[in-house]
Each structure stands twice: as structure tokens, then as C-alpha cells.
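The values are calculated or read from the model by the stated rules, or taken from the named source; none is laboratory data. Everything numeric here is computed off the predicted structure, so don't read it as measured data. Note that we place each Cβ from the backbone using ideal geometry, even for glycine, and neighbour counts take in every protein chain shown. To get the accessible areas, we keep the full protein, side chains included, count just its heavy atoms, and leave off ligands, DNA and RNA. Shrake-Rupley method; radii C 1.70, N 1.55, O 1.52, S 1.80 Å.
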Amino acid sequence: MVASPLPRTPRTFVSPKTKTTTAPSSTGGVTSGLISQLAVVALKRRLKNQTGVKCDACANPADMLRGRVGPVTVKGRGWESELGLSCRGIEASVDICELDLGKIISHQKLRLIEPAKGSAMVALNGNDFANFITHPLMKPPCLPVVDGNCKVGEPGIAFIKDNVHIDAETGTVTFYGKYLGQTWQLSLQRGSVQQRALVTVKPHEPSPSSSQDLESIAQLLTKCVSDFFNEMVFELDGTFLTFKDMMTTDKGPEPTLMLALNISVRKFPSPGLAF
């Protein structure tokens with residue numbers, strides 16, 4: 001019923017690199033310090049709650065003349081959005097940001113000319129993970145037909161917000177979902193190099209269905225939900241996040257899931273838009 005974990009290949013869990021910040025450079029009154037300040041102000045306006053927002057940006061004069069700033073690192077603590085997306089901590093870094101200097105000078109606003117790409121590390125407790133999997137922008141996987149019971153295009157498994165548990169000792173995150181009227185237990189753990197996240201699924205409660213039917217559905221759910229996490233693209237109004245790696249830790253007041261993500265920022269979130 002439960003798929004066996006794939007063979008594990010040792011991997012090193014690497015956090016985003018934080019490079020040493022050089023002295024602020026300036027052109028036309030625009031400094032890397034000003035860019036950092038504008039980024040912090042913009043982020044604070046878009047967050048419902050936060051206990052820390054910091055941005056470090058650096059650039060040499062030649063790059064600044066072309067609107068090129070980098071590396072840029074954003075760090076935060078206790079973030080929560082208007083729609084409930086939350087984290088204990090975050091550190092995101094991009095090597096280069098290409099900005100519209102005219103927009104900065106005339107409107108004191110940051111506008112990207114080219115997408116900025118990098119990586120992020122996000123720390124989630126159980127409540128944060130529950131907020132993530134049930135966020136309005138999170139679209140759960142839609143499954144193919146199962147013995148004629150689920151039609152293509154109809155909603156698949158629906159993740160449940162309650163009873164998320166992070167076990168740092170086993171490296172798993174346990175959560176639950178509803179599918180075909182039944183509750184299923186899902187266990188997320190680090191997979192192999194080929195399959196970075198592995199989610200195994202099993203029935204959580206007795207069912208009138210035969211054990212063979214349940215095993216077939218569990219195997220299908222295991223594959224589909226694992227693929228979902230590995231292939232997921234989570235968009236926050238112009239910022240695209242994809243899964244890279246994960247680990248769990250018990251350092252701190254509570255067990256925490258550390259998610260390593262690839263990020264691509266095509267534009268900064270629009271003012272007043274909830275996410």
C-alpha cells in the first residue's frame with residue numbers, strides 16, 4: 001500500500017550564500033543603501049505581521065550606472081501575509097537585480113527590468129506548514145481516473161489544515177487530506193537526488209473499500225502528491241517559488257521544517273494585493 005522510499009543518495013543541504021556587503025555605491029543620488037531601504041519599506045507594507053525585515057544590497061559604481069545591483073539578500077522573522085501565509089524565518093538571496101533607475105529617482109519605487117533569480121531558505125513550524133498547504137493560492141493535485149470514481153478535471157485530494165506534525169528525529173512531516181470521501185495520512189520526507197521530496201500516503205481510518213482498492217489508491221496518491229511537491233511552482237504575484245530540498249531540525253523552541261527553494265522574481269508584488 002505504501003510505496004517504498006527510493007534509494008537515498010547522500011546530499012549536502014546548503015543554505016543560500018550570504019556574500020560580504022561592499023560599501024554603498026551611488027549614482028544619480030541612488031545608493032545601494034537606498035535600494036535596501038525601499039525594499040524593506042515595500043516588504044513591510046505587504047506583510048500583515050513581522051518581527052524583522054532586513055535587506056542587504058551592494059553594487060560597484062560601474063554596475064550601478066546600468067541599474068545592476070547584487071548580491072541582494074533579504075532576511076526576515078515572524079512573517080505573516082494578509083491571507084495567512086507565514087514562516088518563522090526566511091533568507092533569500094539573488095546574485096543580480098537589474099533595476100529601472102529612472103523609476104527609483106522619480107518615484108522612489110523598485111521596478112525590475114529583468115527577472116532576478118536565486119535561492120531561499122524558509123523555516124516553518126507545524127502551523128506555518130498547515131497555512132502553506134491550505135493557502136488559497138495553493139492548488140492541490142488533481143488526480144486521474146481511479147476505477148471510474150474520479151473524473152479528469154475534478155478536484156483531487158484536499159489538504160487538511162489540522163494536526164500537522166513535524167518529527168525532527170525521523171525527518172518527516174505528517175499531515176492529512178481528503179480524497180473520495182476518505183481521510184488519508186500523508187508523510188513528507190526528503191527523497192533522493194532524482195525525487196527531492198517523497199510523500200507516502202496511507203488510509204487514516206477504516207473504510208468499506210477492500211484493502212486492495214485502498215492500496216491501489218494509496219499508491220496513486222503517493223506518486224501524484226510526490227510529483228506535486230517536486231514539480232510545484234508557487235506564485236506570489238510575480239515571485240515564483242519551486243522546491244529544491246528539505247530537512248527537519250529540533251534546534252529551537254519547536255520542531256521546524258527547513259525548505260530550500262529556487263526563486264525567480266519577475267516583478268515586485270503589487271501594492272494592496274493580498275497573498
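Miscellaneous remarks
- Apportionment of accessible area to carbon and sulfur, the stretch 42-195, percent (1.4 Å): 49 percent
- The C-alpha atoms of the stretch 180-275 occupy a region whose extents along the principal axes are 51, 32, 30 Å, arranged from largest to smallest.
- Using every pair of distinct Cα positions in the stretch 221-275, the Kirkwood expression returns a hydrodynamic radius of 13.4 angstrom.
- Förster radius 51 Å - calculated FRET efficiency between Ala62 and Gln219 (Cβ-Cβ, nearest 0.05): 0.35
- Arg266, Arg190, reordered so the largest accessible area comes first (probe 1.4 Å): Arg266, Arg190
- Projecting label points 7 angstrom from Cα along Cα→Cβ for Thr174 and Ala158 puts them 2.3 nm apart.
- Considering only the Cα atoms of the stretch 51-187, their convex hull presents on average a projected area of 12.1 nm².
- Under 17 Å of direct C-alpha separation, and excluding same-chain neighbours fewer than eight residues apart, Lys267 reaches these lysines: Lys44, Lys103, Lys109, Lys117.
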